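This report concerns only the one structure given below.
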Amino acid sequence: MKVPRPPLLRAGLGIIILLVVVALLAPLLSPYDPKAIAGGYLERPSPQHLLGTNESGQDIFSAIIYGTRTSLIVAVVAGGLTISLGVLIGVGSALLGGVVDAVVARALDVFLAIPVLLLLLLTATLAGPGLPTVILVLALVGWPGIARLVRGQTLSLRQRGFVESARGFGGGQLYMIRRHLVPAITPIIVAGFVNFAGVAIVLEAGLAFLGLSDPSTVSWGVVLDQALNHPGVYFSPRWTWWALPPALAITMTVLGFTFLGVGLEPRFNPRWRRALPA
């Protein structure tokens, strides 16, 4: 039975596709180099500067456009590293079993018990600023949850009757992985990647807002940090064209990934498929 495409899936895909187009066409859509001095000190919005300029005279609209690239890079690379590390450790632990699985299980308990924000701030502070560092830090804090899900699914699969029967008929380890394990964990991989991609964007913006990212990086979090660090920004109209646009961009991107994840749920969850009318 063909699963209908829900409205949330269409909305999420539309937002993500729009962001990808903006990121790819950033040199064409941006009127200025976001790092270049394009105007005067804190200019108001005008036809030359749609969102005005910051304290350095840099065009804010151009920074928002180029910030799309940074956010998508963080989402894709950090999400990919997180999923890869989580699947490698989760599947490897469950297949090896014994002492290895017991050690990994206890290690996962320890990692998951540590507050994510505390671990994130501590690691980012010690590692220093820089986009590659931020991506590695995000992957470090994100993999334990994926590893636990994948490990549990793999352990459950190993104990099922059809797997035992296939093994009894001579099915090897590679056959089991290709025929049974990969289809079973693919929904977890896809859902985990989509969900963590949205989380990674928020965490990267939060690190930049707290000053733990490279200030020379063009990102929404850096723009937001510059705006909110300006004295009296909330007592003037500047917040509407300086602080509000990057916040809206972050919100829209997270909603896009959230809608995409919720929209994909009926395609991967058998309970949802059984509940759909014929």
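Gly57 meets all of the listed conditions (1) open to solvent by 60 Å² or more (accessible area, probe 1.4 Å); (2) touching a Leu at 6+ places or on another chain (Cβ under 9 Å) but one, namely (1). When each of Leu117, Leu108 is tested for being loosely packed, with under 15 Cβ neighbours inside 10 Å and either over 14 Å from Gly86 (Cα atoms) or at pLDDT 85 or above (or both), the lone residue that passes is Leu117. Can Val99 be described as open to solvent by 60 Å² or more (accessible area, probe 1.4 Å), at negative phi and out of contact with any Gly (no Cβ under 8 Å at 6 or more places or on another chain)? In short, yes.
Each residue in the stretch 120-138 was checked for being open to solvent by 10 Å² or more (accessible area, probe 1.4 Å) and assigned to a helix (DSSP H, G or I), and 11 pass. Count of the stretch 1-43 residues, restricted to those that are within 20 Å of Val223 (Cβ to Cβ), free of Cβ contacts under 8 Å to residues at least 40 places away in the same chain and among the basic types (Lys, Arg), is 0.
Condition check ((1) open to solvent by 20 Å² or more (accessible area, probe 1.4 Å); (2) of a type outside the set (Ser, Thr, Tyr); (3) more than 11 Å from Ile60 (Cβ to Cβ)) across all residues:
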| site | (1), (2), (3) |
| --- | --- |
| Thr217 | yes, no, yes |
| Gly221 | no, yes, yes |
| Leu255 | yes, yes, yes |
| Gly261 | no, yes, yes |
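The residue pairs whose first member lies in the stretch 45-63 and is within 18 Å of Trp239 (Cβ to Cβ), whose second member is among the basic types (Lys, Arg), and whose beta carbons are closer than 7 Å, counting only pairs six or more residues apart or on different chains, are Gly52/Arg44; Gln58/Lys35. Scan the stretch 170-178 and give yes if some residue there is of a type in the set (Val, Ile, Thr), open to solvent by 20 Å² or more (accessible area, probe 1.4 Å) and at pLDDT below 75, otherwise no. Yes; the residues of the stretch 170-178 include at least one that is of a type in the set (Val, Ile, Thr), open to solvent by 20 Å² or more (accessible area, probe 1.4 Å) and at pLDDT below 75.
The residue list Ala63, Ala26, Ala36, Ala11 contains one member that is of a type in the set (A, V, I, L, M) and open to solvent by less than 10 Å² (accessible area, probe 1.4 Å), which is Ala26.
Of the residues Arg151, Arg158, only one is in contact with a Ser or Thr (Cβ under 7 Å, 6 or more places away or on another chain) and open to solvent by 40 Å² or more (accessible area, probe 1.4 Å); which? Before the answer, list the steps.
Details: Arg158 fails: in contact with a Ser or Thr (Cβ under 7 Å, 6 or more places away or on another chain).
Answer to the check: Arg151.
Counting residues in the stretch 63-70 that are touching a Phe, Trp or Tyr at 6+ places or on another chain (Cβ under 6 Å) and hydroxyl-bearing (Ser, Thr, Tyr) gives zero.
Any chance the stretch 76-88 includes a residue that's surrounded by fewer than 21 Cβ atoms within 10 Å (Cβ to Cβ), modelled with pLDDT of 90 or more and more than 22 Å from Gly192 (Cβ to Cβ)? The answer is no, given that none of the residues of the stretch 76-88 is surrounded by fewer than 21 Cβ atoms within 10 Å (Cβ to Cβ), modelled with pLDDT of 90 or more and more than 22 Å from Gly192 (Cβ to Cβ). Elements of the type helices (runs of 4 or more DSSP H) sitting completely within the stretch 194-278 and holding at least 2 residues that are at pLDDT 85 or above and hydrophobic (A, V, I, L, M, F, W, C): these cover 220-228, 238-242, 244-268.
The values are calculated or read from the model by the stated rules, or taken from the named source; none is laboratory data. Because the structure is predicted, anything quoted here is derived from the model rather than measured. Cβ: placed from backbone, ideal geometry, glycine included. Neighbour counts: every protein chain shown. The area values use the complete protein model at the heavy-atom level, side chains included, leaving out ligands, DNA and RNA. Shrake-Rupley method; radii C 1.70, N 1.55, O 1.52, S 1.80 Å.
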